[in-house]
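Trainee: One structure, as structure tokens, below. Some questions next.
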Amino acid sequence: MGPCRRRHLLEVVAVAPSVRVMVTALERRAQGRRAWVMAGSPEGFRADWMIGKIAELGVERFVPLISKRGRWERSGARRARWERIASSALRQ
């Protein structure tokens, strides 16, 4: 079997004194197409929106392109924010 995606279904067994779960099912599916997005910097805070949307679509890799008219912010705080946005989008 080639690359596949796995999804586990969990059942909450206990919540106190700590959360415990039990795996009730495992689903394996063949991996579909892989997608990358390469884009220049959008205006304003549209980058936050874009990162969320490409994560929701299941894009595997995002490559920021530096262009003459738009530069990506090189701040580590921005990257950390985008990682949080993407992680949140993936959980929806």
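Trainee: Can you give me the Cα centroid spacing of the stretch 42-92 and the stretch 14-31 in angstrom?
Mentor: 30
Trainee: What is the magnitude of the charge dipole of the chain about its Cα centre, with +1 placed on the Cβ of each Lys and Arg, -1 on the Cβ of each Asp and Glu, and no other charges, expressed in debye to the nearest 20?
Mentor: Dipole of the chain, to the nearest 20 debye: 340 debye.
Trainee: Quick check: the angle from helix 46-56's long axis to the longest principal axis of the chain, C-alpha only, nearest 10 degrees?
Mentor: 30
Trainee: Determine one quarter of the surface area of the Cα convex hull of the chain, which equals its mean projected area, and express it in nm² to one decimal.
Mentor: 8.8
Trainee: Pairing the Cα long axis of helix 76-91 with the longest principal axis of the chain, what angle in degrees results, from 0 to 90 and rounded to the nearest 10?
Mentor: Taking Cα atoms only, the helix is inclined about 40 degrees.
No lab work stands behind these numbers, since they all come straight from the coordinates. On a predicted model such as this, the values are computed, not experimentally measured, just so you know. Because the Cβ atoms are built from the backbone with ideal geometry, glycine has one as well, and the counts that use them run over all protein chains shown.
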